[in-house]
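Values quoted throughout were computed directly from the atomic coordinates according to the rules given, and no laboratory measurement underlies them. As the structure is a computational prediction, the values presented were derived from the model and not from experiment. Every residue, glycine as well, gets a Cβ built from its backbone with ideal geometry; the counts of neighbours run over all protein chains shown.
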Amino acid sequence: MTKKLFFKNVYLKEFTANIISKEEIEGEFHIVLDQTAFYPEGGGQPCDTGTIDSLKVCYVYEKDNKIYHIVDKKPTKLNNVKCTIDWEKRFDHMQQHLGQHILSACFEELFDAETVGFHLGTAFVTIDVTLSDLSNDQAQKVEYLANQVVFNNLRVNQLYPNPSKLSELPLRKPPKVDKNIRIIEIDQFDFSPCGGTHPSYTGEVGLIKIRKWEKIRNNIRIEFVCGNRALKDFTWKNDYIYKIANLLSIKDLDVLNGIEKIYSNYHSQQKEIKKLKEQLLNYEAFALYQEADIHKEIKIIYKIYDNRDFNELRTLATKIISKPNAIVLFGARNKKAQMILSSSKQIEINMNEIFKKVCIIFNGKGGGNNHNAQGGGDNLSKLEDALKEAKNIIINQYI
C-alpha cells in the first residue's frame, strides 16, 4: 500500500521517497513509491504530474491500493529519490474541485438540485444538476451565493467518521465506498464524500464564474471556472470588450447596444442586397432569354462562368426555364467543374439522360430528372467539351 502524502498535507510540493517496484509496459515505466504526494486520477479529478528525480511523470493511477507513476525512462536510482509536484497544475485542480463542491452545494441549497455528473477538464469544469431548466436569474443567484461562501473564507476540513458519526452528518450525497470514508466539510455549510484534493480555506478558490449552461437529456450541464481560470477568462473577455469599444468608438458599457445596432443594420442590408440580387437575376435571365440562339423555335442558352456561385446559377437557370421553349446549358469553373442542364416544361427532352452521357467527359457525378440535371467533376479542362457535347446531342438528336 502506498502512503498517501497528499491527504496529510495537500500543500506538499516536494518530497523524497523510495522506489519499491518498477515495471516496463510498452516502452513506459510504471513506478510504485513507498509514499507519494502525486494524486492519482479518479473521482472526476485529473492526476498530478511532475518529476521523480530527472524523470518526467506524465500520468498517475491507483490500482490495488498502490499508486503507479508512469515515466518515459528507466529509473537508475531507487532510494531517496527527489520528487516534485507540478504545483500550478495541482493548485488549479484544488481550486476547481472545491469550487465544484461549493457550486453543487449552492444548487442544492437554493433549488434542491442534485449534482449527478462532474468533469474537471483542462479549460473548464462542468457539473450536471437535476433541473429541467435554468434561467439567467437563477444562475446569478447560485453564483452569488457560491462566491459569498468563497469570500467568507470558510475552513475546509477532512473527516474520517466512524459509522455512528457518519450517520449523523448531513451528507449531500452518499459515499461510494464502505471503508475509510473521507468527508470534505466546508465549515457546517456542506458535507460531501470525496477523495480529491482541496484547499484548506474557501477563499483560496478565488472567484467562481458560471460561463454557460445547456440541457443534457433531463438535466442541466453547467460550465464554470474558478480562481486563476476565472482570472484568465475575465482577462481575455475584458480585452475583447476593450478592443470592440475602440473599434466602435464607444464606451465599454455601451458595447452591447452598439453591436445590437450593427447587427440590426446588417440584417436590413442583407435583406436589401437579397432583393437587389433577385432583381439583377431577373434582368440577367430576361437578357439571356432574349439573346439566346434559336433552333426550331427552341431557345438554347449556352454559357460557361468562372468563379460564380453555383447556387446562384441554379436560381438563374430556374428563372430562364420558367419561360417557354428554353434550354439552359450552364458550366461553372470553381474549385471543381460544375454543370447544369435544364429545360422548360413544354420540352420533352430527358436532361438527366443527356447529363449521364456527358458527365464522364469531365469525371463528373450527379443527376436529376427530365427537366433538371446537375453535378460536378474534377477535370476543369474538359468542362467545355462536355457542355458542347450536350449541346450537340440536343440539337442533332432531339431538335
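Near Lys77, which lysines are there with a Cα under 16 Å away, not counting those fewer than 8 places off in the same chain?
Lys22, Lys56
At a threshold of 8 angstrom on Cα-Cα distance, excluding pairs fewer than six apart, so keeping six or more, what relative contact order does the stretch 91-236 reach in percent? Write down the numbers at each step before the final one.
On the way: 259 pairs, mean separation 46.5, N = 146.
Relative contact order here is 32 percent.
Would you mind ranking Leu387, Leu169 so that the residue whose beta carbon has the fewest other beta carbons within 10 Å leads the list? Let's see the in-between values first.
Numbers: Leu387 23, Leu169 14.
Lowest count first: Leu169, Leu387.
Using DSSP to call loops (not H, G, I, E or B), can you name the trypsin sites (Lys or Arg not before Pro) in the stretch 248-322 whose Cβ has at most 13 other Cβ atoms within 10 angstrom?
Numbers: sites: Lys251, Lys261, Lys271, Lys274, Lys275, Lys277, Lys296, Lys299, Lys303, Arg308, Arg314, Lys319; in loops: Lys251, Lys296, Arg308.
Filter output for the stretch 248-322: Lys251, Lys296.
Using only DSSP helix segments of four residues or longer, with each worth -39500 (n - 2.57), what per-residue ellipticity at 222 nm results for the chain after dividing by its residue count and rounding to 500? The partial results should precede the final answer.
On the way: 9 runs with 139 residues, N = 399.
Helices in the chain give a 222 nm mean residue ellipticity of -11500 deg cm²/dmol.
Any idea what angle helix 383-393 forms with the longest principal axis of the chain, computed on alpha-carbon atoms, 0 to 90 degrees, nearest 10?
Computed tilt is about 40 degrees.
Rounded to the nearest 5, what is the percent of antiparallel bridges among the DSSP beta bridges in the chain?
Working: 75 of 85 bridges.
Here the antiparallel bridges make up roughly 90 percent for the chain.
Antiparallel versus total DSSP beta bridges in the stretch 280-399: what percent is that, nearest 5?
Values: 21 of 29 bridges.
Counting only bridges with both partners in the stretch 280-399, antiparallel ones make up about 70 percent.
Rounded to whole Å and sorted largest first, list the principal axis extents of the Cα atoms in the stretch 125-280.
82, 34, 22
By how many degrees, between 0 and 90 and to the nearest 10, does the Cα long axis of helix 227-248 differ from the longest principal axis of the chain?
40
Please find, in a Gaussian network model of the chain (springs between Cα atoms separated by less than 10 Å), the residue of Tyr242, Tyr302, Tyr39 whose mean-square fluctuation is greatest.
Ranking Tyr242, Tyr302, Tyr39 by mean-square fluctuation puts Tyr302 first.
If r is the Cβ-Cβ distance from Asn369 to Lys176 and R0 is 56 Å, what FRET efficiency results, to the nearest 0.05?
On the way: r = 62 Å, r/R0 = 1.11.
Computed FRET efficiency for Asn369 and Lys176: 0.35.
Provide the gained length on full extension for the span Asn218 to Glu353, in nm with one decimal, where the gain is 0.36 nm per separating residue minus the Cα-Cα distance. It would help to have the intermediate numbers written out before the result.
Working: separation 135, 0.36 × 135 = 48.60 nm, distance 5.15 nm.
Net length gain for the segment: 43.5 nm.
Rounded to the nearest 10 degrees, what's the angle between the helix 136-151 long axis and the longest principal axis of the chain, both from Cα atoms, 0 to 90?
30
Rounded to the nearest 20 debye, what is the charge dipole size of the stretch 91-236 about its Cα centre when +1 sits on each Lys and Arg Cβ and -1 on each Asp and Glu Cβ? Don't jump to the answer; show the numbers that get you there.
Working: 16 positive and 18 negative charges, 73 e Å.
The dipole magnitude comes to about 360 debye.
At R0 = 41 Å, how high is the FRET efficiency between Lys345 and Ser268 if r is their beta carbon distance? Nearest 0.05 is fine. Please list the in-between numbers first.
Working: r = 37 Å, r/R0 = 0.90.
Given R0 = 41 Å and the Cβ-Cβ separation, E is 0.65.
Using DSSP to call loops (not H, G, I, E or B), can you name the trypsin sites (Lys or Arg not before Pro) in the stretch 1-106 whose Cβ has at most 15 other Cβ atoms within 10 angstrom?
Values: sites: Lys3, Lys4, Lys8, Lys13, Lys22, Lys56, Lys63, Lys66, Lys73, Lys77, Lys82, Lys89, Arg90; in loops: Lys13, Lys73, Lys77.
When the trypsin sites (Lys or Arg not before Pro) of the stretch 1-106 are filtered for loop state and at most 15 Cβ neighbours within 10 Å, Lys13, Lys73, Lys77 remain.
Strictly over 21 Å apart at the Cα level, which of Lys4/Lys82; Lys299/Lys391; Lys319/Lys357; Lys3/Lys173 would you flag in this model?
Working: Lys4/Lys82 16 Å; Lys299/Lys391 12 Å; Lys319/Lys357 25 Å; Lys3/Lys173 27 Å.
The pairs that break the limit, which is 21 Å between Cα atoms, are Lys319/Lys357; Lys3/Lys173.
Applying the Karplus parametrisation 6.51 cos²θ - 1.76 cosθ + 1.60 with θ = phi - 60° to the phi angles of the stretch 332-340, what ³J(HN,Hα) value in whole Hz is obtained for each residue in order, glycine and proline being reported as x?
Along the stretch 332-340, the couplings run 9, 9, 10, 5, 9, 7, 10, 9, 10 Hz.
So which of Lys212/Lys271; Lys212/Lys274; Lys336/Lys356; Lys274/Lys388 end up more than 29 Å apart, counting from Cα to Cα? Walk me through the intermediate numbers first.
Values: Lys212/Lys271 32 Å; Lys212/Lys274 35 Å; Lys336/Lys356 18 Å; Lys274/Lys388 33 Å.
Flagged as over cut-off: Lys212/Lys271; Lys212/Lys274; Lys274/Lys388.
For Cα pairs less than 8 Å apart in space and 6+ apart in sequence, what is the mean separation divided by the residue count of the chain, i.e. the relative contact order in percent?
On the way: 729 pairs, mean separation 36.5, N = 399.
Relative contact order here is 9 percent.
Using each residue's phi in the stretch 94-99, evaluate 6.51 cos²θ - 1.76 cosθ + 1.60 at θ = phi - 60° and report the 3J(HN,Hα) Karplus result to the nearest Hz, with x for Gly and Pro.
Listing the rounded values in order: 5, 4, 5, 5, 5, x Hz.
Straight-line reach from Lys176: which aspartates and glutamates have Cα under 19 Å away, leaving out those fewer than 8 places along the same chain?
Output for Lys176: Glu41, Glu62, Asp64, Glu114, Asp128, Glu168, Glu185, Asp190.
Identify which of Asn363, Asn265, Asn157 has the largest mean-square fluctuation in a Gaussian network model of the chain, with springs joining Cα atoms closer than 10 Å.
Looking only at Asn363, Asn265, Asn157, the largest GNM fluctuation is found for Asn363.
Loop-only check: which GluC sites (Glu not before Pro) in the stretch 115-199 are DSSP coil with at most 13 other Cβ within 10 angstrom?
Values: sites: Glu143, Glu168, Glu185; in loops: Glu168.
Those satisfying the criteria are Glu168.
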